[in-house]
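**Q** Got a structure for you, questions after.
The values are calculated or read from the model by the stated rules, or taken from the named source; none is laboratory data. Source: prediction; values computed, not measured. Cβ placement follows ideal geometry from the backbone for every residue including glycine, while neighbour counts extend to all protein chains displayed.
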(Lines give C-alpha, C1' and ligand atoms only; values in the text may rest on other atoms or scores of the structure.)
Protein backbone atom coordinates (compact mmCIF):
# COMPACT_ATOMS: atom_id res chain seq x y z
CA UNK A 1 0.00 0.00 0.00
CA UNK A 2 1.48 3.34 -0.91
CA UNK A 3 0.99 6.64 1.02
CA UNK A 4 1.32 10.07 -0.39
CA UNK A 5 1.74 13.24 1.64
CA UNK A 6 -0.85 15.78 1.04
CA UNK A 7 -0.32 19.48 1.40
CA UNK A 8 -1.98 19.41 4.81
CA UNK A 9 0.31 16.67 6.03
CA UNK A 10 3.36 18.58 4.96
CA UNK A 11 2.23 21.60 6.97
CA UNK A 12 1.68 19.50 10.11
CA UNK A 13 5.13 17.92 9.83
CA UNK A 14 6.72 21.36 9.37
CA UNK A 15 4.96 22.65 12.50
CA UNK A 16 6.19 19.66 14.54
CA UNK A 17 9.79 20.24 13.40
CA UNK A 18 9.61 23.91 14.34
CA UNK A 19 8.39 22.95 17.81
CA UNK A 20 11.22 20.46 18.23
CA UNK A 21 13.91 22.92 17.08
CA UNK A 22 12.84 26.12 18.89
CA UNK A 23 10.30 25.48 21.62
CA UNK A 24 12.04 22.61 23.44
CA UNK A 25 15.49 24.34 23.72
CA UNK A 26 13.82 27.53 24.95
CA UNK A 27 11.95 25.61 27.61
CA UNK A 28 15.18 23.87 28.67
CA UNK A 29 17.09 27.14 29.20
CA UNK A 30 14.12 28.71 30.98
CA UNK A 31 13.97 25.87 33.50
CA UNK A 32 17.76 26.04 34.04
CA UNK A 33 17.68 29.78 34.63
CA UNK A 34 14.81 29.45 37.11
CA UNK A 35 16.67 26.80 39.12
CA UNK A 36 19.81 28.98 39.34
CA UNK A 37 18.11 32.25 40.39
CA UNK A 38 19.11 33.74 43.89
CA UNK A 39 16.84 33.27 46.86
CA UNK A 40 14.41 36.11 47.53
CA UNK A 41 15.47 38.62 50.25
CA UNK A 42 14.29 37.98 53.79
CA UNK A 43 11.54 40.12 55.14
CA UNK A 44 13.37 40.81 58.45
CA UNK A 45 17.08 41.76 57.97
CA UNK A 46 19.50 40.48 60.62
CA UNK A 47 19.86 42.71 63.66
CA UNK A 48 23.19 44.42 64.43
CA UNK A 49 25.17 42.98 67.32
CA UNK A 50 24.37 44.76 70.57
CA UNK A 51 27.29 46.32 72.45
CA UNK A 52 28.54 44.70 75.62
CA UNK A 53 26.96 45.86 78.92
CA UNK A 54 28.45 49.05 80.29
CA UNK A 55 29.64 50.35 76.90
CA UNK A 56 28.17 52.49 74.14
CA UNK A 57 28.39 52.16 70.42
CA UNK A 58 30.46 55.36 70.15
CA UNK A 59 32.88 54.37 72.90
CA UNK A 60 36.32 53.59 71.42
CA UNK A 61 37.87 50.24 72.12
CA UNK A 62 40.96 50.47 74.29
CA UNK A 63 43.80 48.03 74.51
CA UNK A 64 46.36 47.40 77.22
CA UNK A 65 48.98 46.33 74.68
CA UNK A 66 51.62 48.59 73.09
CA UNK A 67 50.56 51.03 70.42
CA UNK A 68 51.27 49.89 66.86
CA UNK A 69 53.80 51.67 64.68
CA UNK A 70 52.41 54.77 63.03
CA UNK A 71 49.78 55.27 65.73
CA UNK A 72 50.65 58.97 65.85
CA UNK A 73 51.77 59.09 69.54
CA UNK A 74 55.41 60.01 70.00
CA UNK A 75 56.27 61.21 73.54
CA UNK A 76 58.60 64.22 73.49
CA UNK A 77 62.18 63.68 74.59
CA UNK A 78 62.15 66.92 76.56
CA UNK A 79 59.03 67.78 78.57
CA UNK A 80 57.37 71.11 77.74
CA UNK A 81 57.97 74.02 80.01
CA UNK A 82 55.78 76.85 81.13
CA UNK A 83 56.61 80.54 81.07
CA UNK A 84 58.69 80.34 84.30
CA UNK A 85 61.05 77.73 82.85
CA UNK A 86 59.52 75.00 85.01
CA UNK A 87 58.34 71.63 83.77
CA UNK A 88 54.65 71.48 82.69
CA UNK A 89 54.25 67.92 83.93
CA UNK A 90 53.22 67.52 87.64
CA UNK A 91 55.87 65.88 89.81
CA UNK A 92 58.79 66.88 87.56
CA UNK A 93 59.55 70.33 88.99
CA UNK A 94 63.03 71.22 90.11
CA UNK A 95 63.85 70.33 93.69
CA UNK A 96 63.12 73.46 95.75
CA UNK A 97 65.73 72.38 98.32
CA UNK A 98 68.53 73.04 95.82
CA UNK A 99 69.60 76.48 97.02
CA UNK A 100 71.47 78.71 94.52
CA UNK A 101 75.18 79.25 95.07
CA UNK A 102 74.71 83.01 95.02
CA UNK A 103 72.06 85.61 94.24
CA UNK A 104 69.61 84.62 96.98
CA UNK A 105 68.57 87.70 98.98
CA UNK A 106 66.25 88.01 101.99
CA UNK A 107 65.38 91.45 103.40
CA UNK A 108 63.49 92.26 106.60
CA UNK A 109 62.91 95.99 106.64
CA UNK A 110 61.22 96.09 110.05
CA UNK A 111 63.87 93.93 111.70
CA UNK A 112 66.66 95.68 109.82
CA UNK A 113 68.36 92.60 108.31
CA UNK A 114 69.58 91.55 104.89
CA UNK A 115 70.90 88.07 104.15
CA UNK A 116 72.47 86.90 100.89
CA UNK A 117 74.70 84.11 99.57
CA UNK A 118 78.22 84.74 98.36
CA UNK A 119 80.41 82.32 96.37
CA UNK A 120 84.05 83.48 96.28
CA UNK A 121 84.95 81.02 93.51
CA UNK A 122 82.28 82.47 91.22
CA UNK A 123 82.24 86.19 92.01
CA UNK A 124 84.47 89.01 93.14
CA UNK A 125 81.68 91.55 93.74
CA UNK A 126 78.14 91.60 95.04
CA UNK A 127 75.62 90.37 92.52
CA UNK A 128 73.02 92.68 90.98
CA UNK A 129 70.15 91.24 93.02
CA UNK A 130 71.94 91.94 96.32
CA UNK A 131 72.95 95.46 95.31
CA UNK A 132 69.36 96.28 94.35
CA UNK A 133 68.17 95.38 97.89
CA UNK A 134 70.67 97.57 99.75
CA UNK A 135 68.42 100.61 99.39
CA UNK A 136 65.52 98.65 100.90
CA UNK A 137 67.76 97.59 103.79
CA UNK A 138 68.81 101.20 104.43
CA UNK A 139 65.14 102.27 104.58
CA UNK A 140 64.66 100.27 107.81
CA UNK A 141 63.52 102.26 110.86
CA UNK A 142 66.46 100.70 112.71
CA UNK A 143 68.83 102.71 110.51
CA UNK A 144 69.41 105.60 112.89
CA UNK A 145 72.26 108.13 112.88
CA UNK A 146 73.85 106.43 115.91
CA UNK A 147 73.54 102.85 114.64
CA UNK A 148 76.26 100.80 113.05
CA UNK A 149 75.89 98.19 110.31
CA UNK A 150 77.15 94.79 111.38
CA UNK A 151 78.51 92.70 108.49
CA UNK A 152 78.63 89.04 109.53
CA UNK A 153 80.60 87.10 106.92
CA UNK A 154 82.71 83.93 106.58
CA UNK A 155 86.38 83.80 107.54
CA UNK A 156 87.69 83.24 104.02
CA UNK A 157 91.24 82.27 103.25
CA UNK A 158 93.80 84.09 101.11
CA UNK A 159 92.70 87.24 99.36
CA UNK A 160 89.01 86.17 99.17
CA UNK A 161 88.26 87.93 102.47
CA UNK A 162 89.80 91.21 101.27
CA UNK A 163 87.83 90.97 98.01
CA UNK A 164 84.56 90.51 99.89
CA UNK A 165 85.25 93.41 102.28
CA UNK A 166 86.15 95.65 99.34
CA UNK A 167 82.95 94.68 97.47
CA UNK A 168 80.77 95.41 100.52
CA UNK A 169 82.38 98.74 101.34
CA UNK A 170 82.20 99.82 97.68
CA UNK A 171 78.49 98.98 97.51
CA UNK A 172 77.61 100.90 100.70
CA UNK A 173 79.77 103.83 99.55
CA UNK A 174 77.56 104.15 96.47
CA UNK A 175 74.69 104.84 98.93
CA UNK A 176 76.83 107.39 100.86
CA UNK A 177 77.35 105.07 103.84
CA UNK A 178 80.69 105.80 105.47
CA UNK A 179 83.21 103.03 106.01
CA UNK A 180 83.30 103.89 109.74
CA UNK A 181 79.70 102.67 110.13
CA UNK A 182 80.57 99.13 108.99
CA UNK A 183 81.54 96.62 111.71
CA UNK A 184 82.87 93.33 110.29
CA UNK A 185 82.26 90.11 112.18
CA UNK A 186 83.61 86.80 110.83
CA UNK A 187 82.66 83.17 111.52
CA UNK A 188 84.49 79.93 110.80
CA UNK A 189 83.45 77.88 107.77
CA UNK A 190 84.01 74.37 106.46
CA UNK A 191 86.67 74.10 103.73
CA UNK A 192 84.44 72.14 101.28
CA UNK A 193 81.61 74.72 101.19
CA UNK A 194 81.43 76.82 98.01
CA UNK A 195 78.85 79.48 98.99
CA UNK A 196 78.46 81.29 102.30
CA UNK A 197 75.86 83.39 104.06
CA UNK A 198 76.53 87.08 104.58
CA UNK A 199 74.29 89.02 106.94
CA UNK A 200 73.76 92.76 107.37
CA UNK A 201 72.10 94.04 110.56
CA UNK A 202 72.00 97.16 112.71
CA UNK A 203 73.85 97.62 115.98
CA UNK A 204 72.19 100.21 118.17
CA UNK A 205 74.38 102.47 120.27
CA UNK A 206 74.05 101.80 124.01
CA UNK A 207 71.88 104.20 125.95
CA UNK A 208 73.97 106.69 127.97
CA UNK A 209 73.63 106.37 131.70
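**Q** Looking at the stretch 143-163, can you tell me whether even one residue there is at pLDDT below 95, in a helix (DSSP H, G or I) and under 41 Å from the mean Cα position of the chain (by Cα)?
**A** Taking every residue of the stretch 143-163 in turn, none turns out to be at pLDDT below 95, in a helix (DSSP H, G or I) and under 41 Å from the mean Cα position of the chain (by Cα).
**Q** Condition first: at pLDDT 95 or above, more than 42 Å from the chain's Cα centre (by Cα) and not in a strand (DSSP E or B). Can you find one or more residues in the stretch 107-127 that meet it?
**A** No, because not a single residue in the stretch 107-127 is at pLDDT 95 or above, more than 42 Å from the chain's Cα centre (by Cα) and not in a strand (DSSP E or B).
**Q** Further question: Could you please let me know if residue 165 is in contact (Cβ under 8 Å) with a residue 40 or more places away in the chain and closer than 18 Å to residue 115 by Cβ?
**A** Numbers: in contact (Cβ under 8 Å) with a residue 40 or more places away in the chain: no; closer than 18 Å to residue 115 by Cβ: yes.
No: the conditions fail for residue 165.
**Q** For residue 144, all conditions in the list (1) surrounded by 16 or more Cβ atoms within 10 Å (Cβ to Cβ); (2) within 17 Å of residue 203 (Cβ to Cβ); (3) in contact (Cβ under 8 Å) with a residue 60 or more places away in the chain hold save one; what is the number of the exception?
**A** With respect to (1) surrounded by 16 or more Cβ atoms within 10 Å (Cβ to Cβ); (2) within 17 Å of residue 203 (Cβ to Cβ); (3) in contact (Cβ under 8 Å) with a residue 60 or more places away in the chain, residue 144 is out only on (1).
**Q** Kindly check whether there is at least one residue in the stretch 178-185 that is surrounded by fewer than 12 Cβ atoms within 10 Å (Cβ to Cβ) and part of a helix (DSSP H, G or I).
**A** yes
**Q** Which of the residues belonging to the stretch 147-162 are closer than 15 Å to residue 107 by Cβ and without any contact (Cβ under 8 Å) to a residue 40 or more places away in the chain?
**A** Hits for the stretch 147-162: nothing passes.
**Q** So, in the stretch 131-140, of the ones that are part of a helix (DSSP H, G or I) and in contact (Cβ under 8 Å) with a residue 40 or more places away in the chain, which residue ends up surrounded by the fewest Cβ atoms within 10 Å (Cβ to Cβ)? Break it down into steps so the answer makes sense when it comes.
**A** Pass one, the stretch 131-140, residues part of a helix (DSSP H, G or I): 131-138.
This time we only want the ones that are in contact (Cβ under 8 Å) with a residue 40 or more places away in the chain, so: 131, 134-135, 137.
Numbers: 131: 17, 134: 21, 135: 11, 137: 23.
The selected residue is 135.
**Q** Ok, one more. Among the residues of the stretch 168-177, write down those that are surrounded by 14 or more Cβ atoms within 10 Å (Cβ to Cβ) and either in contact (Cβ under 8 Å) with a residue 24 or more places away in the chain or in a loop (DSSP other than H, G, I, E, B) (or both).
**A** Here is the first cut: in the stretch 168-177, the ones surrounded by 14 or more Cβ atoms within 10 Å (Cβ to Cβ) are 168-169, 171-172, 177.
Of everything in the stretch 168-177, those that are surrounded by 14 or more Cβ atoms within 10 Å (Cβ to Cβ) and either in contact (Cβ under 8 Å) with a residue 24 or more places away in the chain or in a loop (DSSP other than H, G, I, E, B) (or both) turn out to be 168, 171, 172, 177.
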